[in-house]
There are 2 protein chains.
Amino acid sequence: MYRTHNCGELRIENVNTNVTLAGWVQIQRKFGSIAFVDVRDRYGITQLYFNETLTQQLDANPLGREFVIQATGKVIERSNKNPKLATGDIEIEITEYKVLNKSAVPPFTIEEETDGGEELRMKYRYLDLRRPTLQRNLELRYRVNRSVRTYMDSKGFYDIETPFLIKSTPEGARDFIVPSRMNEGEFYALPQSPQTFKQLLMVSGYDRYYQIVKCFRDEDLRADRQPEFTQLDCEMAFVEQEDILNMFEGLTRHVFQEVKGMTFNEAFPRMTWAQAMKRYGNDKPDIRFGMELVELKAPKGVLIESDEEVNLVGGADFKVMDDAEFVVAIAAPGCSEYTRKQLDELTEWVKRPQIGMTGMMYVKCNADGTLKSSVDKFYNEERLKQWAEKANAQPGDLILILTGPAERTRKAMSELRLEMGNRLGFRNRNEYKPLWVIDFPLLEFAENNDDGGGAGRWVARHHPFTSPKPDQIEWMKDKAKYPYIMANAYDLVLNGTEIGGGSIRIHQRDLQLQMFEALGINEHEAQEKFGFLLGAFEYGAPPHGGLALGFDRLCALLGGDETIRDYIAFPKNNSGRDVMIDAPSAVNPTQLDELKLALK
Amino acid sequence: MYRTHNCGELRIENVNTNVTLAGWVQIQRKFGSIAFVDVRDRYGITQLYFNETLTQQLDANPLGREFVIQATGKVIERSNKNPKLATGDIEIEITEYKVLNKSAVPPFTIEEETDGGEELRMKYRYLDLRRPTLQRNLELRYRVNRSVRTYMDSKGFYDIETPFLIKSTPEGARDFIVPSRMNEGEFYALPQSPQTFKQLLMVSGYDRYYQIVKCFRDEDLRADRQPEFTQLDCEMAFVEQEDILNMFEGLTRHVFQEVKGMTFNEAFPRMTWAQAMKRYGNDKPDIRFGMELVELKAPKGVLIESDEEVNLVGGADFKVMDDAEFVVAIAAPGCSEYTRKQLDELTEWVKRPQIGMTGMMYVKCNADGTLKSSVDKFYNEERLKQWAEKANAQPGDLILILTGPAERTRKAMSELRLEMGNRLGFRNRNEYKPLWVIDFPLLEFAENNDDGGGAGRWVARHHPFTSPKPDQIEWMKDKAKYPYIMANAYDLVLNGTEIGGGSIRIHQRDLQLQMFEALGINEHEAQEKFGFLLGAFEYGAPPHGGLALGFDRLCALLGGDETIRDYIAFPKNNSGRDVMIDAPSAVNPTQLDELKLALK
């Protein structure tokens, strides 16, 4: 044993104990003929006191930062206590020490805030991982893992491992494939999720299943996506949506309580997908703040759109408004005194390609009750008042207005709302507002489609194992008549981030076939790809449903961060590379020969 | 909610409660105008009582085995109690029931013992998984998982996930590789173990790491090997071998106590690799029984062989013995009355190609103290007595003797010993005898080698990250002088099965390079493949070591079984196929195009 204690546990009660510590040199200070060295490990930092003789030894062979040392001595009370340090009441009067391993000078500082850039830190990930920030993050991740397991265990869920070498069924995202040497010309695929396996476990009677499991998607990586990611995957038999929502609301409460000591007093609010889209322009609304979307002009519609046509902007002979399919507003509190420059800047912001608007209008609701707008020319104060009323704007508020096609404009306004939320400090990272979004669309009827599929077809909005709402199953047969089919599908949203989602699944063979057919997968193809599942449904499949949470994202949110990368020990960069180990890389030609593969 | 209670929880205390159950039809019995249906779920079986009206309904629409039903009624006391069933005191007097899903007739019986063959059960794995045996196995596996985590947690280990898409470093077994679409012509590899990553975590200061993690090896599958398998992977910093053995002896005790209620009274015995080979012919001896190997003739040797030449078979002018490099015996207790036929059959057994002996000799130690041997012609009773003494054979024992080249003969005798142990009932599956085998060889000097490497070279007996014993590091420089180098490497053996192993690792860059060089990996190649590890060792790597346990095997052993397949939810067959989902399979040509790959 290289140590009797770790670097974080000695206290005033341990004075006079003889101890041996081992760890990394954090910092050293010389005071004349004596010296102090702070030694660090996962558990903390302890100060070592070097007497004159040992200081001479130190001078002869200086220790560098990050040297690994072992030191033996007696715990003594510090004259100059450090209340910021758990071990700050004591130090070790050492009698001997030894260098266990030297260290070159690290390429960046190993401290709370480092001077190392992203790329450098990724390359030397093993050093970045020494920083307190990342150590805290990975500890938090472990605590979340443990906390999840405690809860799932208490509810009778079994952790059952599902296979990694499965079958490629290229729907949804792209699969990573794995050539098989023993089965020439054939490939496994890495799972995008254990979806079908967890359903089979329900068919097999395991009743409650969970797993914290790696999943894989060969997608072009947007910021903060990883080709391999971790999912908390769960499934339950003999349940309805209500049971699942309650179970995982319970999980969320449990984890927040255990990991952050935080309690949610009220039941998690629920909002339909249509409401979320209408009120926030977004299926994962951040409900930490209001500033809800208000429609000034909207067509009559079926899903999100209003039951009746809305038009509060017509009759003014203003072409922009008259041509627009959709006009939407938000009222930003306390922003009525925005300057010309600020407003121009916001206009530029919405005109960026990511947002894609052609311009922005505004109405200032002045503190004195008057209204001042960029479209005064077209609309009298009566009209502006009508808008302000609808937007529930108060004196001092600034109404921002976007116009354009419904879908794009709604999305743009959602982005603008979030941006204003950021600017106004409404998005406090220490405040947590969970939300269930329910009643997602499952199938949507597309009149025109690019794939030459003929006179319109169903487009999947959810995976093909999701059950339609029971009263809408019949609708699938007459797609031209019903423009959409909804599902008992739900997402758990936290602070504007989707942390998970799930649904009640199909458990009837006929309905599953019908669903495949609706999605353009004929019976032959369905049998080839999902024969095992269709088969399983023939032998007494129970009603079931489940949910999967993005574990990386959940940990980042619990840590008050947005980037998942800092909560993964060895992440990949945006090109899917591990720059530390330099993977992927070329392989030996004999490996390809054995697999009967050639590079093109 | 489809049920108020599960099928295993109702007791006499629940009489008069109104309940709804859901589950699978196990069996149904008609008695005149009434009927009983047993409904089953993961938790148990409950009897439903159908009154006359409901029985008429049942007759009109018969239920089949494995139908999924939901039934509502009142708990009543049973007149005819079933003490074998946890719910056997009660039954449900149902008022209504509903078929939730039908079932076709299963292709085999879903009972403790099934009539289904291996292939059929693999294809319908989701039905096989309903059998009580497999349900118990997967539950046990989950309990082992949980128990391991509780222990690791109590000892301050963090579960830290390591990546699955890593770099191919084709040493040891063959890697599965994964083509990268974003990095054309390059490949990831699936990890054979998280070895280098867990070492990096030690360098990063995480101090104690564990993971229950999938690993992958593209090996030709022998019986009971899986291309993907689960490992309990652990690493500790600032420790010596002793610390690791104690830690994982503690884990083993904890798991046996929690999962099987079993206590080991004594410290796990330890045996050097050389002793194990000499005494049992095997580096994973089954010490549930004796019958140790006794050398009647052995050359002077260095590792396993004796310090002095042994020869108790010379001078008899018996060519078989005189030509043999090695003669070894075991004394099988109580077998002196084996018939000619039995002995011939044993001789045939050792002559099978898997064992590879040319014959077998024996000495019967008769109950009356006389000795009778198949080689009476060459050896007088004095000589036979000498052998019997050396083999510690008692009257009534049968001494079995094999001859041949040392390595092969030792291995054959080890097999024969295990076979005799089986025949004599010495290998009780409910008795558990753990053993640490320590001091494994790390490098062995091969005089002649097939690979044209010149005048002899080191051959690796362990992975290249294993540290040589400190006092033998110097030996690496003079390979011709020292025929082997040993390591602080250890295996945990249970009942003749290796359930895990590990070692103290190299943590010094220079030594790691020296080790690579000894294994014929030059600095350039080492840098290319393991540059990240060599780099990490430059920045203050602590001394560290660890261990990995085969989780599938451990679960099978705890279940008293030998086949791991029955402890894996969705295993592959001996050709690496999942016959249920039919993987691997051909992929869409566009998938290959996107990866710039072609089949040869």
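Does the stretch B:584-594 contain any residue that is touching a residue at least 60 places away in the same chain (Cβ under 8 Å) and either hydrophobic (A, V, I, L, M, F, W, C) or more than 9 Å from chain A (Cβ to nearest Cβ) (or both)? First the steps, then the outcome.
Restricting attention to the stretch B:584-594, the residues satisfying the condition of being touching a residue at least 60 places away in the same chain (Cβ under 8 Å) are B:594.
Those left that are additionally either hydrophobic (A, V, I, L, M, F, W, C) or more than 9 Å from chain A (Cβ to nearest Cβ) (or both): none.
No, the stretch B:584-594 contains no residue that is touching a residue at least 60 places away in the same chain (Cβ under 8 Å) and either hydrophobic (A, V, I, L, M, F, W, C) or more than 9 Å from chain A (Cβ to nearest Cβ) (or both).
Going by the conditions given, is B:Asp207 crowded, with 18+ Cβ neighbours inside 10 Å, of a type outside the set (A, V, I, L, M, F, W, C) and at the interface with chain A (Cβ under 7 Å from one of its Cβ atoms)? Spell out the reasoning first.
Values: crowded, with 18+ Cβ neighbours inside 10 Å: yes; of a type outside the set (A, V, I, L, M, F, W, C): yes; at the interface with chain A (Cβ under 7 Å from one of its Cβ atoms): yes.
Here the answer is yes, as B:Asp207 does meet what is asked.
Looking at the stretch B:51-66, I want the residues that are open to solvent by 60 Å² or more (accessible area, probe 1.4 Å) and have a partner that is assigned to a loop (DSSP other than H, G, I, E, B) and among the polar types (S, T, N, Q) with Cβ atoms under 7 Å, at least 6 apart or on another chain. Which pairs are those?
From the stretch B:51-66, the pairs are B:Glu52/B:Ser33.
Could you list, in sequence order, the residues of the stretch A:573-583 that are at negative phi, at the interface with chain B (Cβ under 7 Å from one of its Cβ atoms) and surrounded by fewer than 19 Cβ atoms within 10 Å (Cβ to Cβ)?
Of all residues in the stretch A:573-583, those at negative phi come to A:573-575, A:577-581, A:583.
Next cut, at the interface with chain B (Cβ under 7 Å from one of its Cβ atoms) only: A:575, A:577-578, A:580-581, A:583.
Selection gives A:Ser575 alone.
Within the stretch B:377-394, is there a residue that is open to solvent by less than 70 Å² (accessible area, probe 1.4 Å), of a type outside the set (Val, Ile, Thr) and on the phi > 0 side of the Ramachandran plot?
No.
Residue by residue through the stretch A:1-14, note down the ones that are loosely packed, with under 15 Cβ neighbours inside 10 Å and not charged (D, E, K, R).
Answer for the stretch A:1-14, where residues must be loosely packed, with under 15 Cβ neighbours inside 10 Å and not charged (D, E, K, R): A:Met1, A:Thr4, A:Ile12.
So B:Glu13 clears everything in (1) within 12 Å of another protein chain (Cβ to nearest Cβ); (2) farther than 24 Å from A:Gly546 by Cα except one condition, right? Which one?
(1)
Can you tell me which of (1) farther than 24 Å from B:Ala237 by Cβ; (2) of a type outside the set (S, T, N, Q); (3) part of a loop (DSSP other than H, G, I, E, B) is the one A:Glu9 doesn't meet?
Checking A:Glu9 against (1) farther than 24 Å from B:Ala237 by Cβ; (2) of a type outside the set (S, T, N, Q); (3) part of a loop (DSSP other than H, G, I, E, B), the one that fails is (1).
Checking the structure you have, find out if any residue of the stretch A:548-560 is at positive phi, outside any helix (DSSP H, G or I) and within 30 Å of the chain's Cα centre (by Cα). Talk me through it step by step, then tell me what you get.
Taking the stretch A:548-560 and keeping what is at positive phi, we get A:560.
Applying the additional criterion that residues be outside any helix (DSSP H, G or I) yields A:560.
Those left that are additionally within 30 Å of the chain's Cα centre (by Cα): A:560.
Looking for residues that are at positive phi, outside any helix (DSSP H, G or I) and within 30 Å of the chain's Cα centre (by Cα), one finds at least one in the stretch A:548-560, hence yes.
Could you check the stretch A:139-165 and list, in sequence order, the residues that are at the interface with another protein chain (Cβ under 7 Å from one of its Cβ atoms) and open to solvent by less than 20 Å² (accessible area, probe 1.4 Å)?
A:Tyr142, A:Asn145, A:Asp159, A:Ile160, A:Thr162, A:Pro163, A:Phe164, A:Leu165
With respect to B:Ile485, determine if the residue is open to solvent by less than 30 Å² (accessible area, probe 1.4 Å) and either assigned to a helix (DSSP H, G or I) or more than 28 Å from B:Ala329 (Cβ to Cβ) (or both).
Details: open to solvent by less than 30 Å² (accessible area, probe 1.4 Å): yes; either assigned to a helix (DSSP H, G or I) or more than 28 Å from B:Ala329 (Cβ to Cβ) (or both): yes.
Against the criterion (open to solvent by less than 30 Å² (accessible area, probe 1.4 Å) and either assigned to a helix (DSSP H, G or I) or more than 28 Å from B:Ala329 (Cβ to Cβ) (or both)), B:Ile485 qualifies.
Go through the residues of the stretch B:528-536 one by one and say whether even a single one is within 28 Å of B:Ala274 (Cα to Cα), outside any strand (DSSP E or B) and either within 14 Å of chain A (Cβ to nearest Cβ) or open to solvent by 20 Å² or more (accessible area, probe 1.4 Å) (or both).
For the stretch B:528-536, residues within 28 Å of B:Ala274 (Cα to Cα), outside any strand (DSSP E or B) and either within 14 Å of chain A (Cβ to nearest Cβ) or open to solvent by 20 Å² or more (accessible area, probe 1.4 Å) (or both): absent.
Applying the selection to the stretch B:558-572, what residues are open to solvent by less than 20 Å² (accessible area, probe 1.4 Å) and either touching a Pro at 6+ places or on another chain (Cβ under 9 Å) or modelled with pLDDT under 95 (or both)?
Correct list: B:Gly560, B:Ile564, B:Ala569, B:Phe570, B:Pro571, B:Lys572.
Residues A:Lys341, A:Lys300: which one is free of Cβ contacts under 8 Å to residues at least 12 places away in the same chain and farther than 30 Å from A:Phe445 by Cα? Steps first, answer last, please.
Working: A:Lys300 fails: farther than 30 Å from A:Phe445 by Cα.
Just one listed residue meets the conditions, A:Lys341.
Which members of the stretch B:194-203 meet the condition of being within 9 Å of another protein chain (Cβ to nearest Cβ) and without any contact (Cβ under 8 Å) to a residue 40 or more places away in the chain?
The one that is within 9 Å of another protein chain (Cβ to nearest Cβ) and without any contact (Cβ under 8 Å) to a residue 40 or more places away in the chain: B:Phe197.
So, in the stretch A:515-560, exactly how many residues are touching a helix residue (DSSP H, G or I) at 6+ places or on another chain (Cβ under 7 Å) and either over 30 Å from B:Arg40 (Cα atoms) or not assigned by TED's automatic domain parsing to the domain that holds A:Cys215 (or both)?
Counting residues in the stretch A:515-560 that are touching a helix residue (DSSP H, G or I) at 6+ places or on another chain (Cβ under 7 Å) and either over 30 Å from B:Arg40 (Cα atoms) or not assigned by TED's automatic domain parsing to the domain that holds A:Cys215 (or both) gives 11.
Among the residues of the stretch A:45-61, is any over 47 Å from the mean Cα position of the chain (by Cα), at positive phi and more than 14 Å from chain B (Cβ to nearest Cβ)?
First, the residues of the stretch A:45-61 that are over 47 Å from the mean Cα position of the chain (by Cα): A:50-61.
Restricting the remaining residues to those that are at positive phi gives none.
Scanning the stretch A:45-61, I find no residue that is over 47 Å from the mean Cα position of the chain (by Cα), at positive phi and more than 14 Å from chain B (Cβ to nearest Cβ), so the answer is no.
Residues in the stretch B:218-229 that are under 29 Å from B:Ile160 (Cα atoms) and within 11 Å of chain A (Cβ to nearest Cβ): how many? Don't jump to the end; show me each part of the working.
Step one: of the stretch B:218-229, the residues under 29 Å from B:Ile160 (Cα atoms) are B:218-219, B:224-229.
Then keep just the ones that are within 11 Å of chain A (Cβ to nearest Cβ); that gives B:218-219, B:226-229.
Matching residues across the stretch B:218-229 total 6.
Restricting the search to the stretch A:176-186, which residues are open to solvent by less than 20 Å² (accessible area, probe 1.4 Å) and in contact with a helix residue (DSSP H, G or I) (Cβ under 8 Å, 6 or more places away or on another chain)?
A:Ile177
Taking the stretch A:413-435, which residues are of a type in the set (Lys, Arg) and either within 11 Å of A:Arg288 (Cα to Cα) or touching an Asp or Glu at 6+ places or on another chain (Cβ under 9 Å) (or both)?
Filtering the stretch A:413-435 for residues of a type in the set (Lys, Arg) gives A:417, A:423, A:427, A:429, A:433.
A:Arg417, A:Arg427, A:Arg429, A:Lys433 - these are the residues of the stretch A:413-435 that are of a type in the set (Lys, Arg) and either within 11 Å of A:Arg288 (Cα to Cα) or touching an Asp or Glu at 6+ places or on another chain (Cβ under 9 Å) (or both).
If we keep just the residues of the stretch A:73-114 that are exposed (fewer than 13 other Cβ atoms within 10 Å of the Cβ) and among the polar types (S, T, N, Q), which is farthest from the other protein chains (Cβ to nearest Cβ)?
A:Ser79
The values are calculated or read from the model by the stated rules, or taken from the named source; none is laboratory data. Note that the coordinates shown come from a computational prediction; the quantities given were computed from them, not determined experimentally. Ideal geometry is used to build each Cβ from the backbone, glycine not excepted, and the neighbour counts take in all protein chains shown. Protein only, heavy atoms only, side chains kept; ligands, DNA and RNA dropped before computing areas. Shrake-Rupley method; radii C 1.70, N 1.55, O 1.52, S 1.80 Å.
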